[in-house]
Amino acid sequence: MAFDTFDEGIVPGGMRSKYEIRILICYLLNSIKEPVSKEIIVDSICEESLANYFETSSCFDDLIEKGNIIEEGSDGDIKTYTVSKNGVMIANQLDTILAYTVKEKAYDCAINLLAQKKKERENSVEIVKTDMGYNVNCKISGGNLDLLSFSIFAPDMSQAQIIKKNFYENPTTFYKVILAMLTQNKESVGEALESLL
């Protein structure tokens, strides 16, 4: 198979042909079974250094143009896509061309990115600059109901970003710890804190 892509930053065993990248994109969309953004698919391939970002983005656009990927709707302002019948056929017939580890890494990364996006939709963090530093406003949502909202001070942007990152990583545990402390349920506090270890 001819190599026809840039290979800067690609791990050994990564993809160096547009043909393989297109197959992997179809495979991911077919495996995930729900509409996803271009960003999720491209990032899931590139975060694992399986292919070059620009080549992957270009291949995604090519698949749209050829009708192998179709726009399904949107998630806010972001367009979401699914694989067409022809794309499903490509995924099913040609997925043996791709190494198992390449498919596994890309799929696992895509699932993790989707889970992170879901957390960010259901929970929110807003960083607001003040005269003294930053207020980090966090909110935990349970569907149409806000379960908990709070604001915490951070002296600088780097600490505010750490708070934001850690909040998004496990908002459920955070909620359990706060609730257990406020209700003075020592057993629940211990259980919630153990899940962080």
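The values are calculated or read from the model by the stated rules, or taken from the named source; none is laboratory data. Being a predicted model, the structure only gives us computed values, none of them experimental. Cβ atoms come from the backbone with ideal geometry, glycine included; neighbour counts cover every protein chain shown.
For the residues 111, 152, the requirement of being β-branched (Val, Ile, Thr) and not assigned by TED's automatic domain parsing to the domain that holds residue 44 singles out 152. Being more than 19 Å from residue 174 (Cα to Cα), assigned to a strand (DSSP E or B) and in contact with a Pro (Cβ under 9 Å, 6 or more places away or on another chain), is that true of even one residue in region 136-157? Checked region 136-157: no residue is more than 19 Å from residue 174 (Cα to Cα), assigned to a strand (DSSP E or B) and in contact with a Pro (Cβ under 9 Å, 6 or more places away or on another chain). Please verify whether residue 183 is without any contact (Cβ under 8 Å) to a residue 60 or more places away in the chain, of a type in the set (Val, Ile, Thr) and not assigned by TED's automatic domain parsing to the domain that holds residue 40, treating the condition exactly as stated. Yes.
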